[in-house]
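Take a look at the structure set out below.
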Amino acid sequence: MVELAFIVINFVLTGLWFPHRVALPKKAPPMPRSMSQSMPALVDVDQPAAVDIRHIFRVLWAGKWAVALTTFLAVLMAGYYGFTIARPQHAAVTIIETRTTQTLAMPDQTSAPLPPGTQMQILLATPILEQVIARLDLQDDPAFNRYLTPVPPLSPRGLRTTLRNLLQGRSEPVPDAAAIASKLVQNLRAAIRVENPRDSDLLRVTVTTGDPDRAMAIANTLAAVYLADQVARKQDATAASMALLGARSDDLRRHQTAIEAAITDLVARAGLHDPTRPDRLDHDLQDTTARLASAQAALARASDTANTQRLTAQIAALQASRADLAAALQALTAASHARDRMQRDLDTAIAQQAGYQQDLRALTLGAAQITPDSRVLNAATEARYIGPQKLLMVQIAAMVGGLGGLMLVALRHSLRRGFTDAAALQDATGLPVLAQLPLLPSRRPARLLAALDVSTASAATEGYRHLRTTLMLQGTKPPQVILSTSAIPGEGKTTQAIGLAHALALLGKRVLLVDADLRRGAFRHYFALAGTDGLAAVILGHIGLGAATEPSPIPGVDLLAGGAQHAAGGETLFAPALADVVTQARAAYDVVIIDAPPVVPVADAVVLARQCDAVILAVRWDKTPASVVLAAAQKLAAAGVPVTGVTLTQIDIRKQAQRGGVGFAHYGRGYFHA
């Protein structure tokens, strides 16, 4: 907001420091020698003006009502929104500690708490929020289930929905249960904000709703559901571990049974049930070996054949018996070793079975002691009001409205194309400003003469007296034929001509007021003309000058109307008889004032100006663009017509003073009615 204020102030000051940087040609167009003194070369005014703090404050003061209006509207809209449309919002806060001392459900295992970021995501997970919705029946709360409240067709939301459906070429679908549930979760998630304070193991859960009780209920329920979810996840893990241990125990029990059966079968087959058998076999083997050795020794001593054959058969029988005994002893030894191995396997299985049973007993005991990894440090006990901050909204709206009003004032001032004071006009054109003519009290042409009544001392009559004085004091001989024109229509040239004639008549001058606008004619709006013939008929020789003129309501002023309107007025004015008509007027009157058409649209004023002693260019105050005024001056200069000076017409005295313009009317309240 502060940055915005600085930007606006910079824009306002920039627009007010350089309000009238008019890009003009740096070299004036070539002019005839006769104009070199009466119309100086145009000057370059495309230079940054010095900072004028008083001017800035005058301009801002002039736009005070615009600033007041924008400020009032901004405050009104902010107040209407804050006190009527905006719904009160309350926030309830629950604080959860995420790292606590806990009882382990699994023996010989460690549990590392989840990082705070992960726990924040779990808090806002859809399953958690769905449980909160179910516990608090939020599906029946219009604040979360907006489908319960019909949308007015003309509301912003209704118009937006209608426009979207029209652009997509479809109708509004009827929401199903899944869509409503999804929207409920979205709305609830939007009302919850979870934060993890830096360097802490805390979660700050803030719930914002329009109902303070509902906000507290949601915050506390969310924490309870979150802790219950931790317990449920531990219980599920414990149940899974118990099921796994039970399955392994059953597998070990079946394996143990198989080993026992194998041992029994081996003992039965190998005769391991008699513990003395190995000793007997070993004794028999040793006895047979001794007898075999004795028979072999006797065979070596025998000399007769019969004894030799007998001993040989005996030795063969002893050898076979010894081999059988050795094989039986070896088989018995192998069976014994196999039985020992199976017994060790059986003992291992029995030990594992006992371990599994102990783990199962520990899990069963731990299941009854499961606690969540987190705990509620501070439950929500109240919901504080957080908005809308109505007073702050109004203050901000007042500041924004005021800054916006200042921007509008500065923008309007910087875009102003007209002249607001005589100094700017003279600097732009290089021509002297002969007078500043205030706006007349009545804008109706028929009431012009009443506004110029000599009995009423006013800024308007004094302006025309000032113009009269400036003209009469120019040079050694005052101008007798004066041309009143302007750059474009509507700048007050006709009023200027009538007012100047009125001021000259007050000096006892005989004045002829000529309407030289043969195309449109202007006098019929100001005077009740009796005849239909006028200047055009006099130039064409259809009537004499004396017969064409008629008296006016202004004593000492005669009128010469333009006559019948026709588009060929320019060609009529080019007739050589125009000079004769002007000569006759010079001889008959003290002063001749010619009201000519504007310079820029038509060339009539250029033709008439060559017959005049002075040319006055009317410039409407704060209206006529500088480029248009320069175009008119250059057009007259190109034709070799000297422009005597310019006048600033239709001045609003009050606004001119507010904008810093210098005018005699603002300081003349003691001499006339300003």
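Numerical summary
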{"item": "Relative packing of 595-604, 474-483, which averages over residues the other C-beta atoms within 10 Å, highest first", "result": "595-604, 474-483"}
{"item": "Extension reserve of the ALA328-ARG99 stretch, reckoned as 0.36 nm per residue once the Cα distance is removed", "result": "75.4 nm"}
{"item": "For segment 84-97, Karplus couplings with θ = phi - 60° (6.51, -1.76, 1.60), whole Hz, Gly/Pro x", "result": "10, 8, 5, 9, x, 10, 10, 10, 10, 10, 10, 10, 10, 8"}
{"item": "Shape of segment 513-616, Cα gyration tensor, a/c cut at 1.5", "result": "rounded"}
{"item": "Rounded FRET efficiency, nearest 0.05, which uses the C-beta distance separating ALA298 from LEU266 and R0 of 35 Å", "result": "0.25"}
{"item": "Net charge of Cβ neighbours under 11 Å - reference VAL628; Lys, Arg +1; Asp, Glu -1", "result": "+3"}
{"item": "Shape call, segment 491-531: gyration tensor on alpha carbons, a/c limit 1.5", "result": "prolate"}
{"item": "Neighbourhood net charge (13 Å Cβ-Cβ; Lys/Arg +1, Asp/Glu -1) for LEU124", "result": "-1"}
{"item": "Theoretical FRET efficiency, 1/(1+(r/R0)^6), r = Cβ-Cβ of THR276 and GLN369, R0 35 Å, to 0.05", "result": "0.05"}
{"item": "Label-point gap, in nm, between ALA178 and LEU408 - each point 7 angstrom along Cα→Cβ", "result": "5.3"}
{"item": "Which listed pairs, of LYS183/LYS390; LYS493/LYS635; LYS635/LYS655, have C-alpha distances above 23 Å, in listed order", "result": "LYS183/LYS390; LYS635/LYS655"}
{"item": "Protection proxy ranking, peptides 209-218, 388-397, average beta carbon neighbours within 10 Å, highest first", "result": "209-218, 388-397"}
{"item": "Whether segment 467-547 is rounded, prolate or oblate, judged on the alpha carbon gyration tensor where a/c under 1.5 counts as rounded", "result": "prolate"}
{"item": "Packing rank of 645-656, 540-551, where each peptide gets the mean count of other beta carbons within 10 Å, highest leading", "result": "645-656, 540-551"}
{"item": "Cβ-derived FRET efficiency at R0 25 Å, ARG524 paired with ASP652, nearest 0.05", "result": "0.35"}
{"item": "Segment 267-360, accessible area per residue, ligands and nucleic acids excluded (1.4 Å, Å²)", "result": "64"}
{"item": "Gain upon complete extension [ASP213, ILE53; 0.36 nm per residue less C-alpha separation]", "result": "51.9 nm"}
{"item": "Point-charge dipole on Cβ atoms (K/R +1, D/E -1) for segment 531-656, about Cα centre, debye to 20", "result": "520"}
{"item": "Extension gain from ALA579 to ASP284, taking 0.36 nm per residue of separation minus the Cα-Cα distance", "result": "88.6 nm"}
{"item": "Neighbour net charge for LEU222 - beta-carbon separation under 13 angstrom, K R +1, D E -1", "result": "+3"}
{"item": "Karplus 3J(HN,Hα) series, Hz, for segment 212-217 with 6.51 cos²θ - 1.76 cosθ + 1.60 (x for Gly, Pro)", "result": "x, 5, 5, 5, 5, 4"}
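The values are calculated or read from the model by the stated rules, or taken from the named source; none is laboratory data. Everything numeric in this text was worked out from a predicted model, so none of it was measured. Reconstructed Cβ throughout: ideal geometry from the backbone, glycine too, with neighbour counts over all protein chains shown. Just so you know, the surface numbers come from the protein's heavy atoms only, side chains and all, with ligands and any DNA or RNA stripped out. Shrake-Rupley method; radii C 1.70, N 1.55, O 1.52, S 1.80 Å.
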